[in-house]
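The numbers here are math on the coordinates, done by the rules we state, and not lab data. Keep in mind that what you see is a predicted model, and the values were worked out from it rather than measured. Using ideal geometry, Cβ is built from the backbone for each residue, glycine included, and neighbour counts are taken over all protein chains shown.
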Amino acid sequence: MKNFTIVYVLMLSVALFSCKEKATSKINTSNLETAKERDAVIGLGSAIIDFDKREYDFGEVTEGELVEGSFEIINKGKVDLIITSAKATCGCTVPEWPKEAIKPGESAPLKFTFNSRGRVGKQSKSITLQTNSEKVTETIRIKGTVVKKS
């Protein structure tokens with residue numbers, strides 16, 4: 001036990017006296033500035049996406065008609081909102097989304113065209129957006145009824 005105590009005291013002494021250099025002298029100031037800038041951006045959070053509506057009801061149309069509509073996309077965050085893609089559940093719906101960043105507090109339209117040809121009955125289609133918002137994926141819906149030509 002006495003030998004253990006001596007070894008322990010020696011190791012503790014070596015550890016205390018070997019760290020003569022101050023830790024702050026090892027910090028690279030350019031790395032510190034880069035980290036501050038990064039943390040400032042991170043502190044702003046992510047873009048926050050919102051819509052004027054999440055569902056567009058086109059009502060009743062005759063088979064073969066094209067339905068055109070739009071959703072207003074609103075950026076309620078503190079950083080630019082970027083939409084990387086917009087995909088519909090089927091080829092009958094074609095979305096056209098803003099390719100430029102949407103600035104904080106601003107809005108932009110997401111336009112779509114729905115082709116009712118061969119789609120008689122109740123319709124419900126989704127458009128899925130990939131964004132830089134916190135949720136990353138957002139879904140909006142289009143619905144209505146297509147009646148057969150007389």
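Among the residues of segment 138-148, is any surrounded by 14 or more Cβ atoms within 10 Å (Cβ to Cβ), within 18 Å of Ser46 (Cβ to Cβ) and of a type in the set (Val, Ile, Thr)?
Scanning segment 138-148, I find no residue that is surrounded by 14 or more Cβ atoms within 10 Å (Cβ to Cβ), within 18 Å of Ser46 (Cβ to Cβ) and of a type in the set (Val, Ile, Thr), so the answer is no.
List the residue pairs whose Cβ atoms are under 6 Å apart, where the first residue sits in segment 48-63 and is over 30 Å from Gly105 (Cβ atoms), the second is surrounded by fewer than 17 Cβ atoms within 10 Å (Cβ to Cβ) and of a type in the set (D, E, K, R), and the two are 6 or more positions apart or on different chains.
From residues that are over 30 Å from Gly105 (Cβ atoms), the pairs are Thr62/Lys149; Glu63/Lys148; Glu63/Lys149.
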